[in-house]
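The next block holds one structure in the form of structure tokens; read it before the comments.
The values are calculated or read from the model by the stated rules, or taken from the named source; none is laboratory data. It should be emphasised that the depicted structure is a prediction, and the values quoted were computed from it without experimental measurement. For neighbour counting, all protein chains shown are included, and Cβ atoms are generated from backbone atoms with ideal geometry for every residue, glycine included. Surface areas here come from the heavy atoms of the whole protein model, side chains and all, with no ligands, DNA or RNA. Shrake-Rupley method; radii C 1.70, N 1.55, O 1.52, S 1.80 Å.
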Amino acid sequence: MDIFTRLQPQMPSGSLQQLQSIDQFWLNYRQGKMAIAEVIQVNQNSENGIAREQDFDVIVCGGTLGIFIASALQIRGWRVLVLEQGKLRGREQEWNISRQELAVFLELGLLTEAELEQAIATVYNPARVGFGGGAELWVRDILNIGIDPVYLLAALKQKFLDAGGILLEEHRFQNAQISAKSVTVTCENRTNGQSLMISGRLLLDVMGHFSPIARQGRSLTQSSLKPDGVCMVVGSCAKGMPDRDYGDLIYSFTPIQNQCQYFWEAFPAKDGRTTYMFTYVDAEPERPSFAQLMEDYLTYLSPYQCVDLTQLEFVRLLFGFFPSYVRNPLRSAWDRVLHVGDSSGMQSPLSFGGFGAMVRHLPRLADGIDAALRGDWLTKGDLRSLQPYQPNLSVTWLFQKSMSVPIQQKLDRDRINYLLNVTFASMEKLGDHVLYPFLQDVVQFQPLAQTMIAMAIADPVLVIKIIGQVGALPLLDWFRHYLALAGYSLLHRFGSQIQPAIGNLLPEQQHRWQCQMAAWKYGSGQDFQASAPKT
């Protein structure tokens, strides 16, 4: 950690301790030393269920992103409680998103137009895409809006409280017991150490990738807890960077090294310039530590941003990793428990999930949970319809595999950069209707088919190399999801035609059909309808 040690006086206090902490967590994670706590228990004797009226309709565990769905449900008249182990406050680093996706906050009544505009901290254009010295693409209005999490969460928190919601800050989730009539959550008041029991009809697990509920659920529904892929990220927000009004969506300028291909993001922030370096790996013990990754980040940051590191003031440092699973989303193993957000894994393996994934699925989840509560359709079978299989996410696994290097595999050092240059050149020629959705993590059947044909024409040998890199079995599995993507695209058109007839069905049948049609819509990428601006 030579460079990191040398630059510590320019970094926030506690940076070394944060780096050491995440490295210890990452080491335990890779070595399979993460405990699985039995935090959910099922009471099989229905007579022991709580007979009185439940305290709440919905108990939300995890407030940072949980306040989104909690507010949407509270303003619809449900009794909602949010448990947050710390203070419900947004982080200082902006969340990046595209403007058209922000319309969700207006549609659901979560923010006024004035509040939404105030939540926007930064706006930049254009954004760059480039790989290993190849031709650079410049695009506009994609993930170019920086949302201030501090303001946004404060506004949603107040909206939630004004609507009658209950927020328990400094309360840590401990366990939950499920009976036929309710779910009873036990939490600990971190201020005085006292335990509190709260009953409700439905528990929403919004505690993120490492939620103890999600870990227990995966242990019951999957043969292994080991993720199929991991995105490792290091970065900073720093003052003293050269002024630039553009950002980088995804950029690389180095070849494969240490069995990693490094990618970069950069964009203006309200208090400096933010830069991230990330790489796609697996959770094998041989993978690099965050200390190693941070050294590489600092080594390449100077030529990347054309800056002398000694002239920088690091406002914030970031270290983190985001696991992803082929078998996603995580389907509930219990009645009255639903995983939402990162705990559900409802994300592409190319993206980090979090804010963007929550916003994208918020209308679907708000409508679906609202209907489930009204009809009391809260068994695990009912709730699984709210986290359905989505082939447009599953097909992106091939992209993630082709952008990562197995620990024992030897690839040409420029293989991944070359592959991405061919891919993006093909998409650019096909037009914005292909390129723009993909850059926002939306995969649709026809654009994907066109891109693959264009790539095969541009370099037929490259396709053969990709097959050798990812393996025959993963490729066959991918083809299954590819066919499902085609099927979901057709079924979405079918669903829009039969929509009027659904109103004649029984309420429970209507609910199931609505969930199925939402699965077809999101699973085929048809939730993304915004027209792309011209470059």
Q) Can you name every residue in the range 447-462 that is surrounded by 13 or more Cβ atoms within 10 Å (Cβ to Cβ) and not small (Gly, Ala, Ser)? A) 447, 448, 450, 451, 452, 455, 459, 462
(Q) Anything in the range 424-446 that is open to solvent by 20 Å² or more (accessible area, probe 1.4 Å) and either β-branched (Val, Ile, Thr) or on the phi < 0 side of the Ramachandran plot (or both)? List them, or say none. (A) 425, 428, 429, 430, 432, 433, 438, 439, 444, 445, 446
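In contact with a Cys (Cβ under 7 Å, 6 or more places away or on another chain) and over 17 Å from residue 67 (Cβ atoms), is that true of residue 375?
Working: in contact with a Cys (Cβ under 7 Å, 6 or more places away or on another chain): no; over 17 Å from residue 67 (Cβ atoms): yes.
No; evaluated as a whole, the condition is false for this residue.
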Q. Is at least one residue of the range 295-312 within 21 Å of the chain's Cα centre (by Cα) and open to solvent by 10 Å² or more (accessible area, probe 1.4 Å)?
A. no
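At pLDDT 95 or above and in contact with a helix residue (DSSP H, G or I) (Cβ under 7 Å, 6 or more places away or on another chain): does that describe residue 146? Please lay out each step first, then the result.
On the way: at pLDDT 95 or above: yes; in contact with a helix residue (DSSP H, G or I) (Cβ under 7 Å, 6 or more places away or on another chain): no.
No.
I need the full set of residues from the range 190-209 which are in contact (Cβ under 8 Å) with a residue 24 or more places away in the chain and hydrophobic (A, V, I, L, M, F, W, C), in order please. Step through it out loud before you land on a result.
Step one: of the range 190-209, the residues in contact (Cβ under 8 Å) with a residue 24 or more places away in the chain are 190, 196, 198-209.
Result: 196, 198, 202, 203, 204, 206, 207.
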**Q.** Filter result for residue 360 (charged (D, E, K, R), open to solvent by 20 Å² or more (accessible area, probe 1.4 Å) and part of a loop (DSSP other than H, G, I, E, B))
**A.** no
Q.
If the requirement is being out of contact with any Leu (no Cβ under 7 Å at 6 or more places or on another chain) and open to solvent by less than 10 Å² (accessible area, probe 1.4 Å), which of these qualifies: 417, 421?
A. 417
Q) Could you say which residue among 246, 262, 300 is hydroxyl-bearing (Ser, Thr, Tyr) and touching a helix residue (DSSP H, G or I) at 6+ places or on another chain (Cβ under 9 Å)? A) 262
Q | Selection from the range 100-125 of residues that are within 23 Å of the chain's Cα centre (by Cα), under 26 Å from residue 247 (Cα atoms) and open to solvent by 70 Å² or more (accessible area, probe 1.4 Å) | A | 100, 123
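Can you list the helices (runs of 4 or more DSSP H) lying wholly within the range 377-455 that have 3 or more residues being touching a strand residue (DSSP E or B) at 6+ places or on another chain (Cβ under 6 Å)?
Values: elements: 380-384, 391-394, 396-402, 415-430, 432-439.
Passing ranges, in order: 415-430.
Going through 287, 316, 331, 327 one at a time, which residue ends up being open to solvent by less than 20 Å² (accessible area, probe 1.4 Å), outside any helix (DSSP H, G or I) and not hydrophobic (A, V, I, L, M, F, W, C)?
Details: 316 fails: open to solvent by less than 20 Å² (accessible area, probe 1.4 Å); 331 fails: open to solvent by less than 20 Å² (accessible area, probe 1.4 Å); 327 fails: open to solvent by less than 20 Å² (accessible area, probe 1.4 Å).
Going through 287, 316, 331, 327 in turn, the sole match is 287.
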(Q) Is it the case, given these coordinates, that residue 322 is farther than 26 Å from residue 219 by Cβ, aromatic (Phe, Trp, Tyr) and buried (at least 20 other Cβ atoms within 10 Å of the Cβ)? (A) no
Q) Would a scan of the range 159-180 turn up a residue that is within 22 Å of the chain's Cα centre (by Cα) and basic (Lys, Arg)? A) no
Q. Exactly one of (1) more than 19 Å from residue 211 (Cβ to Cβ); (2) of a type outside the set (Asp, Glu); (3) touching a Gly at 6+ places or on another chain (Cβ under 7 Å) is unmet by residue 333. Its number?
A. (1)
Q: All but one of (1) surrounded by fewer than 22 Cβ atoms within 10 Å (Cβ to Cβ); (2) within 20 Å of the chain's Cα centre (by Cα) hold for residue 217, so report the exception by its number.
A: (1)
Q) Consider residue 390 against the criteria (1) surrounded by fewer than 22 Cβ atoms within 10 Å (Cβ to Cβ); (2) modelled with pLDDT under 95; (3) farther than 27 Å from residue 256 by Cα: it satisfies all of them except one. Which criterion is unmet? A) (1)
Q) Within the range 251-284, which residues are open to solvent by 20 Å² or more (accessible area, probe 1.4 Å), in contact (Cβ under 8 Å) with a residue 60 or more places away in the chain, over 26 Å from residue 401 (Cβ atoms) and assigned to a strand (DSSP E or B)? A) 268
